[in-house]
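Chemist: I'd like to ask some things about the structure below.
The values are calculated or read from the model by the stated rules, or taken from the named source; none is laboratory data. Everything numeric here is computed off the predicted structure, so don't read it as measured data. All Cβ positions, glycine included, derive from the backbone under ideal geometry; neighbour counts span all protein chains shown. Quick note on the areas: whole protein, heavy atoms, side chains included, nothing else; ligands and nucleic acids left out. Shrake-Rupley method; radii C 1.70, N 1.55, O 1.52, S 1.80 Å.
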Amino acid sequence: MTSRELILGRLRAALGPTPSAPAEVARDYRPAGGAVDLDVLVHRLTDYRATVHRCADDEVAQVVDAILGGRRVVVPPGLPRHWLPDTVQVLTDDDLPRDQVDAADGVVTAAAVAVAETGTVILDAGPSQGRRVITLLPDVHICVLRTDQVVAGVPDALARLDPGRPLTWISGPSATSDIELNRVEGVHGPRNLHVVIVPADQSR
């Protein structure tokens, strides 16, 4: 008997008989369909140090003006233009070079869905959300969210999302910790996240 055969024999003896197929795992323990509580979403977002604004759809431009007025703003091609005030310099992302995106002061996008329980806003690179890079490089991200896009939990969000699309899950501004557990913001994305919540029946 060779050394190889001896080692393999000991491994087989230690592992025992060939295991049977794994048991079926129940997936109905957390079904979708929970009640949506917007106050929970707002609490989670503010706890993550995001800033939440609640306004009418035709007041979004005023919010954007208060945050980024007089500065350069990247927007995806499909963003509703009435959300943008005349005071901002609009850079429409038609495949802008990264250095131009990085030089912008902020970005304004819509969202695909938001999870109240976790305070997470999800983008799926749709026409009003754009490429992932435009929400990573600018220092300020303003995300406009309709109330009918808010769901109770993650299962509800997954039921709405297409897994084949590039999904970005955002829970507050970009933040990490150094070796001494000091919070450092803006390392992997915007340091400032503003979520503007508008009623579904007022969005155009």
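Chemist: For residue 141, all conditions in the list (1) without any contact (Cβ under 8 Å) to a residue 60 or more places away in the chain; (2) surrounded by 17 or more Cβ atoms within 10 Å (Cβ to Cβ); (3) in a helix (DSSP H, G or I) hold save one; what is the number of the exception?
Modeler: (3)
Chemist: Can you tell me which residue among 127, 97, 155, 173 is more than 30 Å from residue 27 (Cα to Cα), open to solvent by less than 60 Å² (accessible area, probe 1.4 Å) and not aliphatic (A, V, I, L, M)?
Modeler: 173
Chemist: Please list, ordered by first then second residue, the pairs with beta carbon atoms under 6 Å, 6 or more apart or interchain, first in segment 77-103 and over 15 Å from residue 130 (Cα atoms), second open to solvent by 80 Å² or more (accessible area, probe 1.4 Å) and of a type in the set (D, E, K, R).
Modeler: Here the result reads 89/72, each pair linking segment 77-103 to a residue that is open to solvent by 80 Å² or more (accessible area, probe 1.4 Å) and of a type in the set (D, E, K, R).
Chemist: Another question about this same structure. Going residue by residue through segment 18-36, is there one that turns out to be in a helix (DSSP H, G or I) and either in contact (Cβ under 8 Å) with a residue 40 or more places away in the chain or exposed (fewer than 10 other Cβ atoms within 10 Å of the Cβ) (or both)?
Modeler: No, segment 18-36 contains no residue that is in a helix (DSSP H, G or I) and either in contact (Cβ under 8 Å) with a residue 40 or more places away in the chain or exposed (fewer than 10 other Cβ atoms within 10 Å of the Cβ) (or both).
The rows are residues; the columns are (1) under 17 Å from residue 138 (Cβ atoms); (2) of a type outside the set (Asp, Glu); (3) in contact with a His (Cβ under 6 Å, 6 or more places away or on another chain).
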{"site": "44", "(1), (2), (3)": "no, yes, no"}
{"site": "52", "(1), (2), (3)": "no, yes, no"}
{"site": "65", "(1), (2), (3)": "yes, no, no"}
{"site": "86", "(1), (2), (3)": "no, no, no"}
{"site": "98", "(1), (2), (3)": "yes, yes, no"}
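Chemist: Moving on. Run down 92, 118 and say which single residue is more than 13 Å from the chain's Cα centre (by Cα) and of a type in the set (Ser, Thr, Tyr).
Modeler: So the residue among 92, 118 that is more than 13 Å from the chain's Cα centre (by Cα) and of a type in the set (Ser, Thr, Tyr) is 92.
Chemist: I'm checking my understanding of the structure. Among residues of segment 60-72 that are out of contact with any helix residue (DSSP H, G or I) (no Cβ under 7 Å at 6 or more places or on another chain) and touching a residue at least 40 places away in the same chain (Cβ under 8 Å), which one is least open to solvent (accessible area, probe 1.4 Å)?
Modeler: 68
Chemist: Got at least one residue in segment 187-204 being free of Cβ contacts under 8 Å to residues at least 40 places away in the same chain and surrounded by 13 or more Cβ atoms within 10 Å (Cβ to Cβ)? Even if it seems obvious, please write down each step before you answer.
Modeler: Keep residues of segment 187-204 that are free of Cβ contacts under 8 Å to residues at least 40 places away in the same chain, which gives 187, 201.
Imposing the further condition that a residue be surrounded by 13 or more Cβ atoms within 10 Å (Cβ to Cβ) reduces the set to none.
No, segment 187-204 contains no residue that is free of Cβ contacts under 8 Å to residues at least 40 places away in the same chain and surrounded by 13 or more Cβ atoms within 10 Å (Cβ to Cβ).
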